[in-house]
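Data block below; observations after.
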Amino acid sequence: MGKVEALAETERFSLVDFLLHLGELDRRGACEKTSYATIFGYLTRRLGFSESDAVRRVRVARAARKYPSILRLLARGELHIVGISLLEPVLTPENHQRLLQRAARRSTREIDRMVAELSPACAPPRDMIRALPAPTPPPSVGSSGPLELPKLPKLIAGPAPTPTAPQGEEPARRVVFNFTADEEVRARFEEARDLLRHRFPQGRMEEVIGEALRRLVEQECPAKRGRTRKPTASGPRSRRIAKWVRDEVWHRDGGRCAYIGADGARCGATGWLEFDHILPWALGGRSDDPANIRLLCRVHNMAEAKRLLGVLRSGGRSDAGLNSSSRRHSVF
Ligand SMILES: [Zn+2]
């Protein structure tokens, strides 16, 4: 046991060291210039952490920058990383010493309860999508077993039935959605359910929300709704990026961030996408030329704006400086 305890201590020291370095990387915004965009992307995509492990480490590294005593408690084994990540949202400069001491040597469940007592009673639970365990596949034809009589349909509404897969096919994975919403969302849902009654007589949430999301994606996603054609005559120079240019850029970049980091890898994020002028409009860049527009995620768009500002401030308002960056970050 002595060996295991020594190893556990080494692991804790190593974790503290890791969190210190992670906090510093985060403070410097070092990941903005890489294809990972965020420290979370770096931990999951580069270092192979699971999403939950990555979230915890980022949360604890940030908390430790504000409240360094966290690291001492971690190193001593008096607090664990899961407990600190649970505590982090309720820590303040005034209460952190007291709460950290109270949480020392407590189990995850005890800390969870402590946090629940401290949080406002009406705080809604976090949005969540949780995968259900894989359903058992139906028995194959000819398998031995007791003969089951067909069941009569239920007359009383119960929980939504789980669709069964055809014989021989793997049953579809199911997930549970958890979120809270206001009365307006509820009214919209009920209105949509009533409008779709002919199509979905049972009006199950999965059917109504699934249909609404399908229509929304078709309407919003240029790859699904078909491209807008380029007009034959070009209008006056404008900062606004025309719809046909947006559609073309979206198709070309595959609906993903086109930023290529210093590591040579492409970001490829699909969320928080923005259209970016490679040569800024204010410097003569065109909005009606797809070659001057690209898709960037928000982190990389901001990183590019900061970089450009740096070039301009340092007097590097030269075509060479701007063009070389365009070549480096462009995917075409
Ligand atoms: Zn990006």
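The values are calculated or read from the model by the stated rules, or taken from the named source; none is laboratory data. Small disclaimer: the values here were computed from a predicted structure and weren't measured. Ideal geometry is used to build each Cβ from the backbone, glycine not excepted, and the neighbour counts take in all protein chains shown. Quick note on the areas: whole protein, heavy atoms, side chains included, nothing else; ligands and nucleic acids left out. Shrake-Rupley method; radii C 1.70, N 1.55, O 1.52, S 1.80 Å.
Brief remarks follow.
- Count - residues of the range 181-197 that are within 22 Å of Met128 (Cβ to Cβ) and either surrounded by 13 or more Cβ atoms within 10 Å (Cβ to Cβ) or among the basic types (Lys, Arg) (or both): 3
- Every listed requirement among (1) away from the ligand (no atom under 16 Å from the Cβ); (2) within 20 Å of Thr38 (Cβ to Cβ) is met by Arg239 save one, (2).
- Counting the residues of the range 245-273 that are free of Cβ contacts under 8 Å to residues at least 60 places away in the same chain and near the ligand (Cβ under 9 Å from one of its atoms) gives 3.
- Residues located in the range 28-43, provided they are open to solvent by 60 Å² or more (accessible area, probe 1.4 Å) and either β-branched (Val, Ile, Thr) or touching a residue at least 40 places away in the same chain (Cβ under 8 Å) (or both): Lys33
- Of all residues in the range 49-76 being open to solvent by less than 20 Å² (accessible area, probe 1.4 Å) and without any contact (Cβ under 8 Å) to a residue 40 or more places away in the chain, the one that is farthest from Asn95 (Cα to Cα): Ala54
- Residue check, Arg46 within 25 Å of Leu273 (Cβ to Cβ) and surrounded by fewer than 17 Cβ atoms within 10 Å (Cβ to Cβ): yes
- Residues in the range 175-197 that are of a type outside the set (A, V, I, L, M, F, W, C), assigned to a loop (DSSP other than H, G, I, E, B), within 27 Å of Arg126 (Cα to Cα) and out of contact with any Pro (no Cβ under 7 Å at 6 or more places or on another chain): Asp182 alone.
- Subset tally (residues that are open to solvent by less than 30 Å² (accessible area, probe 1.4 Å) and either assigned by TED's automatic domain parsing to the domain that holds Thr34 or modelled with pLDDT under 70 (or both)) for the range 290-329: 6
- Enumeration of residues in the range 255-299 that are more than 21 Å from the chain's Cα centre (by Cα) and of a type in the set (A, V, I, L, M, F, W, C): Ala262, Ile278, Leu279, Trp281, Ala282, Leu283, Ala291, Ile293
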